[in-house]
Amino acid sequence: MQQREENVRSPEFRQRSQRRFVRALVRKRMALLGLAIVVLMAGMAVFAPWLAPNDPLEQVRPRALESPSLQYPLGTDHLGRCLLSRAMYGARISMIVGVFVVCFRILIGVPAGLVAGFYGGLVDSVIMRLTDMFISFPGILLAIAFMAIWGPGIWNVVVALSLVGWPQYARLVRGEVLSVKEEEFVEAGRALGLTNLRLIWRYLLPNVAAVIVVYGTLGLAAPIVSEAALSFLGLGTQPPMISWGRMLAEGRRYLHIAPGISTFTGLSITATVMGFNLFGDGLRDILDPRQKE
């Protein structure tokens, strides 16, 4: 067993695994399309200060609600601000919220699921009843309740969405641990006298890591939509911070005379969510053979 573990940890084994992963990903065209969309949106968010054609906060009132032009490729909003520049800066908020929310959900849910699945008994019952309590409420309504208490703000949004989403990760990891902990290599580790913490760290966590990566990638889309919904309701980010949800809220009053404000913003959200979903589906097919047809 020790020899096998050393082989798995060797650089040669990791390089072969990486090459197999890349070859499998190249064959998944829809996953590559999703990855391209994600990279495009992430690049637009990171390099917005250099790519944006205009200052996203600059108001040119005489040019309000203009149609697309060379100076304003997507037109302007009701205050004469460049829609393309605002969409680029809005991508920053969406990416920040999506990444941080998923990271916090993993940091809370994965340890809870590992402990619940490994120890079972009373520990499992307590953790699962806690997850049931969170899951029994609709996630977006619970997030709205948190935001109503704490007030608007990007980090309050991150905390609220993290708290309503970690139970799904805990339940997913618990289910995987229940099947993995009965494997022979775990029993062999017990026979060698390894502590429970060492068993969880060396044997259980690596075997559920692929599922966490896949679920985390697929889960990036939900916080982006939820943040847009909270900002649309006025509970998310506040001016002068730019958010896609707030842009949608501002554009709904001008749908009849300037539909581009809401249309282009909605397409940005749709493209980002679609990109994460396509890429996540591809990762699931590659990393989890049970999903293959």
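No value in this document is a laboratory result; all are computed from the given coordinates. Predicted, not measured: the structure shown is a model, and the values here were computed from it. Backbone-built Cβ (ideal geometry, glycine too); neighbour counts: all protein chains shown.
Considering only residues in region 50-72 that are over 20 Å from residue 252 (Cα atoms) and among the acidic types (Asp, Glu), the one that is surrounded by the most Cβ atoms within 10 Å (Cβ to Cβ) turns out to be 55. Being surrounded by 14 or more Cβ atoms within 10 Å (Cβ to Cβ) and either under 21 Å from residue 249 (Cα atoms) or not acidic (Asp, Glu) (or both) is a description that applies to residue 45.
Return the pair list, or none, for Cβ contacts closer than 8 Å from residues in region 193-219 that are basic (Lys, Arg) to residues that are buried (at least 16 other Cβ atoms within 10 Å of the Cβ), at least 6 apart or on different chains. Taking only residues 6 or more apart or on different chains, the pairs are 198/189; 202/189; 202/194. Go through region 15-74 and give me each residue that's in contact (Cβ under 8 Å) with a residue 60 or more places away in the chain, under 21 Å from residue 259 (Cβ atoms) and of a type outside the set (A, V, I, L, M). Result: 56, 67, 68.
Restricting attention to region 226-248, which residues are touching a Phe, Trp or Tyr at 6+ places or on another chain (Cβ under 6 Å) and within 20 Å of residue 145 (Cβ to Cβ)? Within region 226-248, 228, 245 meet the criteria. Taking the numbered list (1) polar (S, T, N, Q); (2) more than 30 Å from residue 139 (Cβ to Cβ); (3) crowded, with 18+ Cβ neighbours inside 10 Å in turn, residue 168 passes all entries but (2).
Restricting attention to region 191-221, which residues are surrounded by 13 or more Cβ atoms within 10 Å (Cβ to Cβ) and part of a loop (DSSP other than H, G, I, E, B)? Within region 191-221, 194, 220 meet the criteria. Within region 259-276, residues that are within 22 Å of residue 39 (Cα to Cα) have Cβ atoms under 9 Å from residues that are among the basic types (Lys, Arg) and crowded, with 19+ Cβ neighbours inside 10 Å in these pairs: 265/86, counting only partners at least 6 apart in sequence or on another chain.
Scanning region 87-135 for residues that are assigned to a helix (DSSP H, G or I) and either in contact with a Phe, Trp or Tyr (Cβ under 8 Å, 6 or more places away or on another chain) or not hydrophobic (A, V, I, L, M, F, W, C) (or both) yields a count of 26. Selection of region 128-143 for residues being crowded, with 18+ Cβ neighbours inside 10 Å and touching a residue at least 60 places away in the same chain (Cβ under 8 Å) yields 139, 143.
On inspection, residue 72 does not qualify as within 22 Å of residue 224 (Cα to Cα) and either part of a helix (DSSP H, G or I) or touching a Lys or Arg at 6+ places or on another chain (Cβ under 9 Å) (or both).
For residue 162, the stated conditions do not hold, so it cannot be described as small (Gly, Ala, Ser), part of a helix (DSSP H, G or I) and without any contact (Cβ under 8 Å) to a residue 60 or more places away in the chain.
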